[in-house]
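These notes concern the structure reproduced below.
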Amino acid sequence: MKRTKGEQIFNVFNIIIMIILIVIAAYPMIYVAFASLSDSKEFMQHSGLLLKPAGFSMASYNAVLKNPNIGRGYLNTLFYLITGTGGGVILTVIAGYCLSRKNLMFRNPLMLIITFTMFFGGGLIPSYLNVQNLGLLNTRAAVILPTLINTFNLIIMRTAFDAIPDSLSESAQLDGAGHLTILFRVMLPLILPTIMVIVLYYAVERWNEWFNAMIYLSNDSSKHPLALVLREILMQNDTSSMTQGSSLGDLDSVSETIKYAVIMVATLPILVLYPFLQKYFVKGVMVGAVKG
């Protein structure tokens with residue numbers, strides 16, 4: 001079909017606007033990447049837009065990778081990521097399946113109570129006292145257990161199970177299948193896109209998590225995740241541990257490029273993970289959000 005003159009003009013303006021929006025959204029990350037690869041002294045003298053590294057140098061990355069806090073933070077974050085995401089997805093799937101069963105006793109009141117927690121909470125002090133009374137302070141469990149299940153993710157999962165026709169589970173029951181067989185061999189293959197989206201949600205949440213660690217691990221910095229280490233470096237300008245004994249030049253200028261290198265090191269894993277899960281993203285959210 002031949003496009004009219006007005007449609008062609010609209011498409012041109014639409015493409016131009018989208019390119020501008022892409023540049024606006026992508027430039028902050030590009031700036032951080034170029035700054036992390038810049039020579040510290042040249043970067044401090046640069047002003048305005050940064051369209052290429054100001055003198056290529058890997059010194060900041062060398063300093064970051066040699067810092068024991070970064071390595072320890074990475075290992076801690078990987079532990080929280082694997083255990084928190086794995087446990088969260090498993091419990092969310094099981095809870096979503098149970099809450100989707102029509103014959104579950106008190107099904108609607110339970111959903112009402114669960115949904116209530118999305119809008120109202122006890123606050124920080126009661127949460128802290130609860131963790132303290134359970135003996136979880138300064139333990140890794142204090143970071144994982146309080147946020148193991150996300151209510152929003154649970155509602156998405158439950159809705160995804162609800163969207164599956166009851167005839168499938170009824171047919172499996174007639175063949176003698178129990179709930180575990182129905183869940184793992186009938187239901188899960190049908191909601192795989194939703195599960196992958198939930199995995200992405202939990203993984204990003206765990207990777208960026210720092211607040212609970214700051215509150216509950218205040219006396220044990222050896223268990224701090226990478227996000228909290230990064231926050232301390234950026235907010236408190238604490239880069240001395242990465243520049244002491246180095247030959248990187250002026251301390252202040254090196255500190256600036258190190259900050260950008262730390263941001264890149266902390267962000268790249270999620271950026272690499274996302275393209276592999278992107279194909280499930282839209283489909284999974286729609287399956288879990290719209291009941292057919």
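Kindly establish whether Ser169 is over 26 Å from the mean Cα position of the chain (by Cα) and either among the β-branched types (Val, Ile, Thr) or open to solvent by less than 20 Å² (accessible area, probe 1.4 Å) (or both).
When the stated conditions are applied, Ser169 passes them.
I'm trying to understand the selection: among the residues of segment 70-87, which are open to solvent by less than 40 Å² (accessible area, probe 1.4 Å) and aromatic (Phe, Trp, Tyr)? Give the steps one after another, and end with the answer.
Kept after step one, since they are open to solvent by less than 40 Å² (accessible area, probe 1.4 Å), are these residues of segment 70-87: 70-71, 73, 76-77, 80-81, 84-87.
Answer for segment 70-87, where residues must be open to solvent by less than 40 Å² (accessible area, probe 1.4 Å) and aromatic (Phe, Trp, Tyr): just Tyr80.
Any chance segment 109-131 includes a residue that's without any contact (Cβ under 8 Å) to a residue 24 or more places away in the chain and either charged (D, E, K, R) or under 12 Å from Ile149 (Cα atoms) (or both)?
No, segment 109-131 has no match at all.
Scan segment 133-146 for residues that are open to solvent by 70 Å² or more (accessible area, probe 1.4 Å) and touching a residue at least 60 places away in the same chain (Cβ under 8 Å) and jot them down.
Arg140
Evaluate the following for Val143: is it closer than 25 Å to Leu81 by Cβ and modelled with pLDDT of 90 or more?
Working: closer than 25 Å to Leu81 by Cβ: yes; modelled with pLDDT of 90 or more: yes.
Criteria met by Val143.
Any idea which of Leu148, Leu180 is over 28 Å from Leu273 (Cα atoms) and either touching a Leu at 6+ places or on another chain (Cβ under 8 Å) or not polar (S, T, N, Q) (or both)?
Working: Leu148 fails: over 28 Å from Leu273 (Cα atoms).
After applying the criteria, what remains is Leu180.
When residues of segment 147-169 are filtered for being without any contact (Cβ under 8 Å) to a residue 60 or more places away in the chain, under 18 Å from Leu188 (Cβ atoms) and not aliphatic (A, V, I, L, M), how many remain?
Summing the residues that are without any contact (Cβ under 8 Å) to a residue 60 or more places away in the chain, under 18 Å from Leu188 (Cβ atoms) and not aliphatic (A, V, I, L, M) in segment 147-169 gives 3.
Give the residue, chosen from Phe161, Phe152, Phe120, that is among the aromatic types (Phe, Trp, Tyr), over 30 Å from Asn219 (Cα atoms) and open to solvent by 70 Å² or more (accessible area, probe 1.4 Å).
The match here is Phe152.
So Ala54 ticks every box in (1) more than 30 Å from Ala142 (Cα to Cα); (2) touching a helix residue (DSSP H, G or I) at 6+ places or on another chain (Cβ under 6 Å); (3) open to solvent by less than 80 Å² (accessible area, probe 1.4 Å); (4) assigned to a helix (DSSP H, G or I) but one. Which box is left unticked?
Among (1) more than 30 Å from Ala142 (Cα to Cα); (2) touching a helix residue (DSSP H, G or I) at 6+ places or on another chain (Cβ under 6 Å); (3) open to solvent by less than 80 Å² (accessible area, probe 1.4 Å); (4) assigned to a helix (DSSP H, G or I), the lone unmet condition for Ala54 is (4).
With the structure loaded, tell me whether Asn130 is open to solvent by 60 Å² or more (accessible area, probe 1.4 Å), assigned to a helix (DSSP H, G or I), at pLDDT below 90 and polar (S, T, N, Q) or whether it fails that test.
no
Checking Asn67 against (1) modelled with pLDDT of 80 or more; (2) within 26 Å of the chain's Cα centre (by Cα); (3) surrounded by 17 or more Cβ atoms within 10 Å (Cβ to Cβ), only one condition comes out false. Which one?
Here Asn67 meets the rest and fails (1).
Which residues, taken from segment 133-182, are farther than 29 Å from Leu112 by Cβ and in a loop (DSSP other than H, G, I, E, B)?
Result: Gly135, Leu137, Asn138, Thr139, Arg140, Asp175, Gly176, Ala177.
The values are calculated or read from the model by the stated rules, or taken from the named source; none is laboratory data. No experiment lies behind these values; they were computed from the predicted model shown. All Cβ positions, even for glycine, are placed from backbone atoms using ideal geometry, and neighbour counts span all protein chains on display. Accessible surface areas use protein heavy atoms only, side chains included; no ligands, DNA or RNA. Shrake-Rupley method; radii C 1.70, N 1.55, O 1.52, S 1.80 Å.
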